[in-house]
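Structure record follows, encoded as structure tokens.
The values are calculated or read from the model by the stated rules, or taken from the named source; none is laboratory data. Note that the structure is a prediction, hence the values are computed from the model and not measured. FYI the Cβ positions are ideal-geometry reconstructions off the backbone, even for glycines, and counts take in every protein chain you see. Heads up: the accessible areas ignore ligands, DNA and RNA and are worked out on the full protein's heavy atoms, side chains in. Shrake-Rupley method; radii C 1.70, N 1.55, O 1.52, S 1.80 Å.
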Amino acid sequence: MAAGNFGTLATALKTAGLVEALKGKGPFTVFAPSDAAFAKLPKGTVAELLKPENREQLTAILTYHVVPGRVFAREAFGAAEAATLQGGLLRFDVADGRLTVNDTKIVGSDIQTANGVIHVID
């Protein structure tokens, strides 16, 4: 969060009650949408998800962006997929020489944290 371009993600994590969990022992790999990525969503989407009655849906979306363990970019290149905390699967591929996750570009990779790694998605 100290990077300054994850304000929307930070708000969503707080609303879902996931901040402490992600600060936990881990390790975790987070595919983190930047504020610019959230801005690409249809108008009102984020506001709707942040409503208390949508907490379960928000939690599912956020935990879909988290993989248990550390998955560095070089490992993702060789992996076809990874299971998320939400229970879904993320697919890795290469498009135009860039690593993608579910057809979304990874625009920043291998940002190491005390309990895992972050990849920035657009």
Considering segment 1-53 alone, what residues qualify as being part of a loop (DSSP other than H, G, I, E, B), in contact with a Lys or Arg (Cβ under 9 Å, 6 or more places away or on another chain) and open to solvent by less than 40 Å² (accessible area, probe 1.4 Å)?
-> 26
Scanning segment 34-47 residue by residue, the ones that are among the charged types (D, E, K, R) and under 19 Å from the mean Cα position of the chain (by Cα) total 2
Consider residue 22 carefully, then state whether it is among the hydrophobic types (A, V, I, L, M, F, W, C), under 24 Å from residue 91 (Cα atoms) and free of Cβ contacts under 8 Å to residues at least 12 places away in the same chain.
-> no
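Out of all the residues in segment 59-73, is one or more more than 14 Å from residue 118 (Cβ to Cβ) and among the small types (Gly, Ala, Ser)? Steps first, please.
Going residue by residue through segment 59-73, those that are more than 14 Å from residue 118 (Cβ to Cβ) are 59-61, 63-64, 68.
Filter once more, so that each one left must be among the small types (Gly, Ala, Ser): 60.
Yes; the residues of segment 59-73 include at least one that is more than 14 Å from residue 118 (Cβ to Cβ) and among the small types (Gly, Ala, Ser).
Could we say that residue 60 is small (Gly, Ala, Ser) and free of Cβ contacts under 8 Å to residues at least 12 places away in the same chain here?
Taking the combined requirement at face value, the residue does not satisfy it.
Can residue 99 be described as within 15 Å of the chain's Cα centre (by Cα) and without any contact (Cβ under 8 Å) to a residue 40 or more places away in the chain?
Yes: the conditions hold for residue 99.
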From the residues in segment 47-74 that are of a type in the set (D, E, K, R) and in contact with a strand residue (DSSP E or B) (Cβ under 9 Å, 6 or more places away or on another chain), which one is farthest from residue 20 (Cα to Cα)?
-> 74
Count, please, the residues in segment 63-75 that happen to be in contact (Cβ under 8 Å) with a residue 40 or more places away in the chain and either farther than 17 Å from residue 10 by Cα or in a helix (DSSP H, G or I) (or both).
-> 7
Filter segment 54-85 down to residues that are aromatic (Phe, Trp, Tyr) and within 13 Å of residue 106 (Cβ to Cβ) and give me whichever is surrounded by the most Cβ atoms within 10 Å (Cβ to Cβ).
-> 72
